[in-house]
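A.B. asks: The structure is given below, and queries will be raised subsequently.
Just so it is clear, none of the values below were taken in a lab; they were calculated from the coordinates. This structure is a prediction, so every number in the text was calculated from the model and none was measured. Neighbour counts are summed over all protein chains in view; Cβ atoms, including those assigned to glycine, are modelled from backbone coordinates with ideal geometry.
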Amino acid sequence: MNIEAIITLVILATMVFFFVTERIPLAVTSVTGAIVLASLGIIDKSVVFESMGGSTIVLLAAMMIIGSALFHTGIAETLSVRITKITGTSENGIMIAVVLVALLLSSIASGLGVVAMMLPIVIAMSMKANISVSRQLIPLSFAASIGGNLTLAGAASNVSTAGLIEDMGIPFVSFFEIGKVGLPLCILFLIYFLTIGKKALSKGDTSSHEYLKEYTHKSSENNVFSPAKAIIAGIILIAVLIAMAINHDSFPMYFVAAVGAILLILTRCMSEKEAIKSIDWPTLFIVGGMSAVSKAMTESGAGALIADGVIKVLGDNPNKLLFLFLVLTMTMLLTNMMMNTSTVLLVTPLLIPIAVTIDVNPVAIGIAICVAASAPFLTPVGSGTNTLIIKPGNLSFRDFFVPGIGLSVVVLIGCMALIPLFWPL
């Protein structure tokens, strides 16, 4: 038995307990878990601090600065007024607008970037309409994750899965083909949050109004719309989103976002102090700590241990639909504990060869992996899009899990029906 894998799973289970109970702050739990794993020699000690300063952290911090610039230049306030004129001030109207925009943008740009960009606008819209801020943030974050399934380039995990499968000599789907499943799931997503999901969201507004006043800078200053600064910030924002959508190897997303953030300071759209103040440091520590934990899951063999358990459940002559169900379930569970890209890097090399061996369509399984990896709806640490909204919404584990469990079931049922329809097993 792999002792390191067992220890890693025990530590992860302990972390989940503290995430749920919130007896200690999420950031402290995340970093402590990483430090304990390093102290036990399961991962190298340098990994903990490499994760704290990795490209994902740079991307997060830079997008927080870019998002905050929308308030400093008055863009968020102006857009919120114009959008609410179209949608009205009802919770449903604003939710539909938020979800549709997030779904569309996340099909071509990083979900993390989409949430960071839309966060100040959604906060401004909600405050303007005098509706709950926190109830709008969960649909925003979840939409930015599931919208990545509209195109193959919508999520880094999709690209990674496609690359791994093609490296095995198996032709995968084209750019828009994954949308055969992605589009119906997005429609189901919208229906869910306008009905059952809306009822599952926390009642009232859990957001900290003092924090929001500070975030929007209304407590200490009145942000007057500046046409010149708004144009500059708008151009920088659009350029960053276009570069992220192209995602060329020469200009990775974290680099582009960092350049955008620096340009905003150099052009005096915001000051250096304002930029630093806009960064939510606990969120960065949560992501950094969980990145290290994710690496421990891979290096210790804990992830492989879970996959082996799935294979044993299948038996010698597995049912194809049962195999699809287990692939979806396992990937969904792992993506809530590990980053989505780490999850697909773990499960794709394990499950695709099994699919070929038992004569199941490997393309169908690849699609299942892509979609399930973009379903981190159960925990606040399953995705950077989730961790980004914790502080502004003052959200707890329950705020994610309750609406997330229903949405996970919707995605699971949708995949079980749609994937065999378009890619027969």
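A.B. asks: At R0 = 22 Å, how high is the FRET efficiency between Asn319 and Glu177 if r is their beta carbon distance? Nearest 0.05 is fine.
C.D. replies: Working from the Cβ atoms, E equals 0.25.
A.B. asks: Let me ask another. Can you tell me how much longer the chain between Ile311 and Leu421 gets when fully stretched, taken as 0.36 nm per residue apart minus their C-alpha distance, in nm with one decimal?
C.D. replies: Residue separation times 0.36 nm, minus the Cα-Cα distance, leaves 37.2 nm.
A.B. asks: State, to one decimal in nm, how far the label point of Ile242 lies from the label point of Leu194, with both points 7 Å from Cα in the Cβ direction.
C.D. replies: Going by the 7 Å Cα→Cβ label model, 3.4 nm.
A.B. asks: Shifting gears a bit: Using Cα-Cα distances under 8 Å and only pairs 6 or more residues apart, what relative contact order does the chain have, in percent?
C.D. replies: Taking the mean separation of contacting Cα pairs over the length of the chain, I get 26 percent.
A.B. asks: For segment 78-121, what is the convex hull volume of the alpha-carbon atoms per residue, in Å³?
C.D. replies: Hull volume normalised by residue count: 67 Å³.
A.B. asks: Let me ask something else. Reachable lysines from Lys213, Cα under 20 Å, same-chain residues fewer than 8 places away excluded?
C.D. replies: Candidates past the 8-residue exclusion: Lys128, Lys273, Lys277, Lys391.
A.B. asks: Please turn the phi angles of segment 132-143 into ³J(HN,Hα) values with the Karplus equation 6.51 cos²θ - 1.76 cosθ + 1.60 (θ = phi - 60°), one per residue in order, whole Hz, x for glycine and proline.
C.D. replies: Working through the residues one at a time gives 4, 5, 4, 6, 8, 6, 5, x, 4, 5, 5, 5 Hz.
A.B. asks: From the residues Ala61, Gly301, Ala143, which one has its Cα farthest along the dipole of the chain in the positive direction, the dipole being from +1 and -1 charges on Cβ of Lys/Arg and Asp/Glu about the Cα centre?
C.D. replies: With unit charges placed on the Cβ atoms, the residue in question is Ala143.
A.B. asks: Name the residue, out of Thr21, Thr379, Thr73, whose mean-square fluctuation peaks in a Gaussian network model built on the chain with Cα pairs under 10 Å.
C.D. replies: Thr21
A.B. asks: A follow-up question, please. With springs only between Cα atoms under 10 Å apart, run a GNM on the chain and tell me which of Phe189, Phe142, Phe377 wobbles the most.
C.D. replies: Answer for the Gaussian network model of the chain: Phe189.
A.B. asks: Shape verdict for segment 140-190, please, from the Cα gyration tensor: rounded (a/c under 1.5), prolate (a/b greater than b/c) or oblate.
C.D. replies: prolate
A.B. asks: For the chain, take N as its residue count and report Rg(C-alpha) divided by 2.2 N^0.38 Å.
C.D. replies: It is 0.96.
A.B. asks: What are the equivalent ellipsoid semi-axes of segment 1-113, built from the alpha-carbon gyration tensor (square roots of five times its eigenvalues), in whole angstrom, biggest first?
C.D. replies: Each semi-axis is the square root of five times an eigenvalue, giving 40, 18, 14 Å.
A.B. asks: Which residue fluctuates the most in the chain, going by a Gaussian network model with Cα springs under 10 Å, if the choices are Ser207, Ser90, Ser126?
C.D. replies: Ser90
A.B. asks: Shifting gears a bit: Might you report the magnitude of the Cβ-based charge dipole of segment 293-425 about its Cα centre, with Lys and Arg at +1 and Asp and Glu at -1, to the nearest 20 debye?
C.D. replies: Taking the Cα centre of segment 293-425 as origin, the dipole is about 260 debye.
A.B. asks: Pulled fully out, how much extra length does the chain show between Thr32 and Ile413, if you take 0.36 nm times their separation in residues and subtract their Cα-Cα distance?
C.D. replies: Taking Thr32 through Ile413 to full extension adds about 133.5 nm, to one decimal.
A.B. asks: Take Val259 and Ile231, extend 7 Å from each Cα along the Cα→Cβ direction, and tell me the distance between the two endpoints in nm.
C.D. replies: 2.3
A.B. asks: Can I ask one more? Give the calculated FRET efficiency between Thr78 and Ile276 to the nearest 0.05, with a Förster radius of 22 Å applied to their Cβ-Cβ distance.
C.D. replies: Working from the Cβ atoms, E equals 0.30.
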